[in-house]
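Asker: Just passing along the structure, written as structure tokens.
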């Protein structure tokens, strides 16, 4: 847990102090890939709370989900169809479902302590 918090602090620090600009043409692909990666991170947090975390599953999901989401957005861009909506919908739904499960697990753990 301390390693995750330290990694988050380091990542935010790097993001704030290293100037990085993304070309406007790539912003859609990057935003969908970040959503997919964030979904993987929240899923890993949920799995960790439920004592089911597996680093290989997390890492493969993190990378593959990001690549699939960006590829889906790119293919849709080539076809002139906004396929990135499918990725936004799928990963958005999973993200909120995982957050709801985390919230329930935390509430139940507090109730058990009382």
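Asker: Just checking, how many residues over segment 65-89 are free of Cβ contacts under 8 Å to residues at least 40 places away in the same chain and either more than 21 Å from residue 44 (Cα to Cα) or in contact with a strand residue (DSSP E or B) (Cβ under 7 Å, 6 or more places away or on another chain) (or both)?
Answerer: 11
Asker: Residue by residue through segment 51-81, note down the ones that are part of a loop (DSSP other than H, G, I, E, B) and in contact with a helix residue (DSSP H, G or I) (Cβ under 6 Å, 6 or more places away or on another chain).
Answerer: The one that is part of a loop (DSSP other than H, G, I, E, B) and in contact with a helix residue (DSSP H, G or I) (Cβ under 6 Å, 6 or more places away or on another chain): 53.
Asker: Looking at (1) over 23 Å from residue 98 (Cα atoms); (2) more than 16 Å from the chain's Cα centre (by Cα), can you tell me which one residue 28 breaks?
Answerer: For residue 28, the failing item is (2).
Asker: Separate question: Conditions first: (1) touching a helix residue (DSSP H, G or I) at 6+ places or on another chain (Cβ under 9 Å); (2) under 20 Å from residue 53 (Cβ atoms); (3) exposed (fewer than 13 other Cβ atoms within 10 Å of the Cβ). Residue 103 passes all but one, so which condition is the exception?
Answerer: With (1) touching a helix residue (DSSP H, G or I) at 6+ places or on another chain (Cβ under 9 Å); (2) under 20 Å from residue 53 (Cβ atoms); (3) exposed (fewer than 13 other Cβ atoms within 10 Å of the Cβ) applied to residue 103, the lone miss is (1).
Values quoted throughout were computed directly from the atomic coordinates according to the rules given, and no laboratory measurement underlies them. A quick note: this is a predicted structure, and the numbers were derived from the prediction, not measured. Using ideal geometry, Cβ is built from the backbone for each residue, glycine included, and neighbour counts are taken over all protein chains shown.
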